[in-house]
Amino acid sequence: MPMRSQYCGSLNAAHIDQEVTLSGWVDRRRDHGGVIFIDLRDREGIVQVVFDPDAKENFALADKVRGEYVLQVTGKVRARAAAAVNPNMASGEIEVYGTGLKILNEAETIPFPLDAFSNVGEETRLKYRFLDLRRLEMQKSLRFRSKVTSAIRNYLDRNNFLDIETPILTRATPEGARDYLVPSRTHENKFFALPQSPQLFKQLLMVAGFDRYYQIAKCFRDEDLRADRQPEFTQIDIETSFMTQDQIMSVTEGMIREVFKDLKGVEFDELQRMPFSEAIAKYGSDKPDMRIPLELVDVKDLVAEVDFKVFAGPANDPKSRVTALKVPGGNEKLTRKQIDDYTKFVSIYGAKGLAYIKVNDKNDLEEGLQSPIVKNLPVPVRAAILERVGAENGDLIFFGADKHKIVTEALGALRCKLGADLNLYTKEWAMLWVVDFPMFEELDDGSLTAIHHPFTAPSCSPEELAANPATALSQAYDLVLNGTELGGGSVRIHTKEMQQTVFNILGISEEEQREKFGFLLDALKYGAPPHGGLAFGLDRLIMLMIGASSIRDVIAFPKTQSAACVMTDAPGFVDDLQLRELHIRLRKKEKAEAAPAEGAEYGM
């Protein structure tokens, strides 16, 4: 006899009068006037099972059942009485009249209730993750994740992509975050690194002629964590040969469109392609949330001649910005306390303050504007600012004046926070491409670093790149959804000359080039095809699609904010024998304070 004939949650009115065998966990047990009701749960949902005294032995056994016991039930599906129909359950029209019952395993009282309304701390949930995963909400998330990965594989398979695995043990490469290092037992004093991405291997697959590759790949980054970051994460990794940037974007966009249409019933219009420079100028971010109608407006030229140094200083500094952000109806929507709270908020990004003007009467430039700074702005300047931002009566205008990076990040973040706090969203979903990224950005010491990675192709020749690296644009592209980067990629460098030019600009010596990337440089000189690709963050995609607040809610066994697993107590210590085999000696922490000399406590 099979242990189950159907899933609990799959039963409905179509199964009435059928004999079924079910297996699952006791979600709830209720005794109503001599009739015992058991809500039996499995990954597909819950069904009500009824045992009455006529069942004799089974009824007595059902009376012993408690929450989270594992049961096998046999019975007959029957319609519920009209008054007992539960429209909130998929199986709410039916119940199973129990004719057989077997307790497969008992369960102790669990540490926390599994219903969706219980307030349980995340640390506890992660410590008992095997229980937390029994909750219908978590079961639903991981089942949805499985459907997404299946849809992705089906799409890529239909489009002639090959699923090819790449190594997990590799060597450290500069990808922008710290590597997780793995000591080698057989190669003394040497280390593997866990891959931050399969980047170099997928490029080598293109050199090898595999043309279209994909992999749902595990990647690792030893970095500080946030709600949408994990030390190990999963990405949908894609690479192609003999395709232009437009073609790569088109085929991968088609994949995301199909997933949303099939699994969410959401269809997107033709996606906008926004240059990086426009995204930064108007929205203060390279991943703008286009659901929010607010825009940053530069007013640097309007305040360059004023006596107000807070504005005039940055206005006359080529590396600074003076920018306005208009909040329609902000006078009534925002209190003085909220404005003060927003001032504290932008300080996180280095802003020293948050100037503002309340527009009470735009036609009265003397008395109709309310602000601590308005007296420092000549009337013509006030008029020009109001005109440029399109101010109306009742609007509130915020200002940022500082170094370009500080103003951009502060007002960009403020724009998103205002959108959320004031519910300014004009649509549920907004997706676009951001393109034409700079090749490099300047660090504080004046050196350059790659904005994406050092294998991204520029939009110019090696000679032009070497002559003007700071202004060069790349053939890179990011897909952004609701202010979150879903994925990014680029056309890759496919000639040795260009790759070495980029390495030289980044200050990577010829010796280091050979040591770390000799295999890549060798591959590029043996007929590497034009190629490119991108990678999507699978965890982040699922998080957005189901509306979760953290990717930890869509990963079966995630780490905490401190990159630990409280369930398995990882990372953990290893014994001295293992360390000796790995040729590792641990450094002991020095004591914060030296121990007192013998007898010191007695003044000797």
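Filtering region 386-414 to residues that are of a type in the set (A, V, I, L, M), farther than 12 Å from ALA351 by Cβ and surrounded by fewer than 22 Cβ atoms within 10 Å (Cβ to Cβ) leaves VAL389, ALA391. Among residues belonging to region 266-294 that are free of Cβ contacts under 8 Å to residues at least 12 places away in the same chain and out of contact with any Phe, Trp or Tyr (no Cβ under 8 Å at 6 or more places or on another chain), point out the one that is nearest to ASP402 (Cα to Cα). The residue in question is GLU278.
Among the residues making up region 288-312, those that are more than 34 Å from the chain's Cα centre (by Cα) and surrounded by 14 or more Cβ atoms within 10 Å (Cβ to Cβ) are LYS300, LEU302, VAL303, ALA304, VAL306, PHE308, VAL310, PHE311, ALA312. For region 164-174, the criterion of a residue being small (Gly, Ala, Ser), over 23 Å from the mean Cα position of the chain (by Cα) and surrounded by 13 or more Cβ atoms within 10 Å (Cβ to Cβ) is satisfied by at least one position. A single member of PHE112, PHE51 is out of contact with any His (no Cβ under 9 Å at 6 or more places or on another chain) and under 24 Å from ALA548 (Cα atoms), and it is PHE112.
Name every residue in region 546-588 that is acidic (Asp, Glu), farther than 13 Å from LYS127 by Cα and assigned to a loop (DSSP other than H, G, I, E, B), in order of residue number. Break it down stepwise before answering.
Start the filter on region 546-588 by keeping residues that are acidic (Asp, Glu), which leaves 553, 569, 575-576, 581.
Now restrict to residues that are farther than 13 Å from LYS127 by Cα: 553, 575-576, 581.
Within region 546-588, just ASP575 meets the criteria.
Would you confirm whether any residue within region 444-453 is within 26 Å of the chain's Cα centre (by Cα), in a loop (DSSP other than H, G, I, E, B) and without any contact (Cβ under 8 Å) to a residue 12 or more places away in the chain? Write out each step before concluding.
Step one: of region 444-453, the residues within 26 Å of the chain's Cα centre (by Cα) are 449-453.
This time we only want the ones that are in a loop (DSSP other than H, G, I, E, B), so: 451-453.
Next, from what is left, pick out any that are without any contact (Cβ under 8 Å) to a residue 12 or more places away in the chain: none.
Scanning region 444-453, I find no residue that is within 26 Å of the chain's Cα centre (by Cα), in a loop (DSSP other than H, G, I, E, B) and without any contact (Cβ under 8 Å) to a residue 12 or more places away in the chain, so the answer is no.
When region 71-93 is filtered for residues that are closer than 21 Å to PRO2 by Cβ and more than 40 Å from the chain's Cα centre (by Cα), the ones remaining, listed by number, are VAL73, THR74, GLY75, LYS76, VAL77. Pairing each residue of region 419-430 that is within 14 Å of PRO328 (Cα to Cα) with any residue that is of a type in the set (Phe, Trp, Tyr) and part of a loop (DSSP other than H, G, I, E, B), provided the two are 6+ apart or on different chains, yields C-beta distances under 9 Å for GLY419/TYR425.
Criterion first (of a type in the set (A, V, I, L, M), in contact with a helix residue (DSSP H, G or I) (Cβ under 6 Å, 6 or more places away or on another chain) and under 20 Å from LEU136 (Cβ atoms)) does ILE110 satisfy it?
Working: of a type in the set (A, V, I, L, M): yes; in contact with a helix residue (DSSP H, G or I) (Cβ under 6 Å, 6 or more places away or on another chain): yes; under 20 Å from LEU136 (Cβ atoms): yes.
Yes.
The lone criterion from (1) at pLDDT 95 or above; (2) surrounded by fewer than 22 Cβ atoms within 10 Å (Cβ to Cβ); (3) more than 16 Å from ASP179 (Cβ to Cβ) left unmet by ALA217 is number (3). For region 143-163, state whether one or more residues are part of a strand (DSSP E or B), touching a residue at least 24 places away in the same chain (Cβ under 8 Å) and not assigned by TED's automatic domain parsing to the domain that holds LEU61. Yes, that holds for at least one residue. Any chance region 230-252 includes a residue that's charged (D, E, K, R), surrounded by fewer than 16 Cβ atoms within 10 Å (Cβ to Cβ) and under 22 Å from the mean Cα position of the chain (by Cα)? Within region 230-252 (the criterion being charged (D, E, K, R), surrounded by fewer than 16 Cβ atoms within 10 Å (Cβ to Cβ) and under 22 Å from the mean Cα position of the chain (by Cα)), the answer is no, since none of the residues qualifies.
When region 558-567 is filtered for residues that are surrounded by 10 or more Cβ atoms within 10 Å (Cβ to Cβ) and either in contact (Cβ under 8 Å) with a residue 60 or more places away in the chain or in contact with a Pro (Cβ under 6 Å, 6 or more places away or on another chain) (or both), the ones remaining, listed by number, are PRO558, LYS559, THR560, GLN561, ALA563, CYS565, VAL566, MET567. Is it true that LYS417 is surrounded by fewer than 21 Cβ atoms within 10 Å (Cβ to Cβ), assigned to a helix (DSSP H, G or I) and not aromatic (Phe, Trp, Tyr)? It is true that LYS417 is surrounded by fewer than 21 Cβ atoms within 10 Å (Cβ to Cβ), assigned to a helix (DSSP H, G or I) and not aromatic (Phe, Trp, Tyr). Within region 239-259, residues that are closer than 15 Å to THR149 by Cα sit with their Cβ atoms under 7 Å from residues that are modelled with pLDDT of 95 or more and assigned to a helix (DSSP H, G or I), at 6+ positions apart or across chains, in these pairs: MET255/ILE152; MET255/TYR155; MET255/LEU156; GLU258/ALA151; GLU258/TYR155; VAL259/VAL148; VAL259/ALA151; VAL259/ILE152. Residue pairs whose Cβ atoms lie under 6 Å apart, separated by 6 or more positions or on different chains, with the first residue in region 58-76 and within 16 Å of LEU22 (Cα to Cα) and the second of a type in the set (Ser, Thr, Tyr) and part of a strand (DSSP E or B), are GLN72/SER23; THR74/THR21; THR74/THR99; GLY75/TYR97; GLY75/THR99; LYS76/TYR97.
Okay, residues lined up against (1) within 30 Å of GLY265 (Cα to Cα); (2) surrounded by 20 or more Cβ atoms within 10 Å (Cβ to Cβ); (3) in contact with a Phe, Trp or Tyr (Cβ under 8 Å, 6 or more places away or on another chain); (4) of a type in the set (Phe, Trp, Tyr):
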| site | (1), (2), (3), (4) |
| --- | --- |
| SER490 | yes, yes, yes, no |
| GLU510 | no, no, no, no |
| ASP522 | no, no, no, no |
| TYR526 | no, no, no, yes |
| SER550 | yes, no, no, no |
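Please work out if LYS261 is surrounded by fewer than 16 Cβ atoms within 10 Å (Cβ to Cβ) and under 24 Å from ASP553 (Cα atoms).
Numbers: surrounded by fewer than 16 Cβ atoms within 10 Å (Cβ to Cβ): yes; under 24 Å from ASP553 (Cα atoms): yes.
Here the answer is yes, as LYS261 does meet what is asked.
Contact annotation: residue pairs with Cβ atoms under 8 Å, 6 or more positions apart or on different chains, pairing a residue in region 568-581 that is free of Cβ contacts under 8 Å to residues at least 12 places away in the same chain and hydrophobic (A, V, I, L, M, F, W, C) with a partner that is surrounded by 10 or more Cβ atoms within 10 Å (Cβ to Cβ) and assigned to a loop (DSSP other than H, G, I, E, B), are ALA570/ALA564.
The values are calculated or read from the model by the stated rules, or taken from the named source; none is laboratory data. Keep in mind that this is a model prediction, so the values were computed, not measured. Cβ coordinates were reconstructed from backbone atoms using ideal geometry, including for glycine residues, and neighbour counts include every protein chain displayed.
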